[in-house]
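Throughout, read-outs are computed from the coordinates displayed, never taken from laboratory work. The model shown is predicted, which means the values in this text are computed figures rather than measured ones. Cβ atoms come from the backbone with ideal geometry, glycine included; neighbour counts cover every protein chain shown.
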Amino acid sequence: MADFEPRTTTTGFGSVPRAGGAVVFDAGLRKHMLSIYNYMTSGVLLTGVVSLLTFNSGLAVNFASGPLMWLVALSPLAVVLAMSFGANRFSKTTLQGMFWAFAVLMGLSLSTIFLRFTGGSIAVTFFATAAAFAGLSLYGYTTQKNLSGWGSFLIMGVVGLIVAMVANMFFQSPALMYAISFIGVLIFAGLTAYDTQRLKNEYAVLRGTEFAGKAIILGALTLYLDFINMFQFLLSFMGSRE
């Protein structure tokens, strides 16, 4: 948060069972990825609704500073860590509940952006992010290029971003802030394509397993984080200050 892996197939010419198997696999893959996108989109919309309602109720002011600011800022991180490290222990139903709770907590946290940016610029940035995310995710899903090599580079970039953001809490440099935002947009744009391809490739390993249902929730969480982080960094450029 900004405020914060093989598929093998055997085919033979004229082999009906094998061709049928490929059709079944592709249908299952589409269903798997569609479930991920549905969860992710629902989570983003829930966050947006909670964020807007929190702002309109006047509660957002309480989350802009003081102890409550740290509570709503760190609570989503705690849920993400619990879901990531406890996925094998938690049931699918528990992970679903945690995912929705995470989306609500993010809504509370993001409600403060309405105190800093105009509603119009937030809406424009949201739709711009949605369009960019759709294009990048489509690229990751359809490209024949292996994006696995991007992983280590992008993760190192995220670590570097966090270090730079912490440092800028002390320096308060506008130039560094804009540099962080620009690099952040690029990193999470890359992660959107990379994560989409990774989730697609994982289906060949996970299909038919007990973990497959959990993987849908975790995949939705991953793409949600890519979207929200890209949105927040992009808002630094496109947002009009109140």
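Ordering 159-170, 62-73, 120-131, 42-53 by mean Cβ neighbour count within 10 Å, with the highest value first, yields 42-53, 120-131, 62-73, 159-170. Could you pull out which residues in segment 207-242 have an amide N less than 18 Å from a spot 7 Å beyond the Cα of Ala64, following the Cα-Cβ vector? 236, 239-242, by backbone N distance to the label point.
With contacts taken as Cα pairs under 8 Å and at least 6 residues apart, segment 131-203 reaches a relative contact order of 58 percent.
Fully extending the segment from Gln144 to Phe211, taken as 0.36 nm per residue of separation minus the present Cα-Cα distance, adds 21.5 nm. Between the residues Tyr141, Ala103, Ser181, the greatest Cα displacement towards the positive end of the dipole of segment 16-238, with unit charges on the Cβ of Lys, Arg, Asp and Glu, is found for Tyr141. Dipole check for the chain: with +1 at the C-beta of Lys and Arg, -1 at the C-beta of Asp and Glu, and the Cα centre as origin, the magnitude is about 500 Debye. Entry note, segment 82-229: relative contact order of 36 percent, from Cα contacts under 8 Å with a spacing of 6+ residues.
In the chain, with Lys and Arg counted as +1 and Asp and Glu as -1 at Cβ, which of these residues, Leu45, Ser57, Leu77, has the Cα nearest the positive end of the dipole, that is, farthest along it? Result: Leu45.
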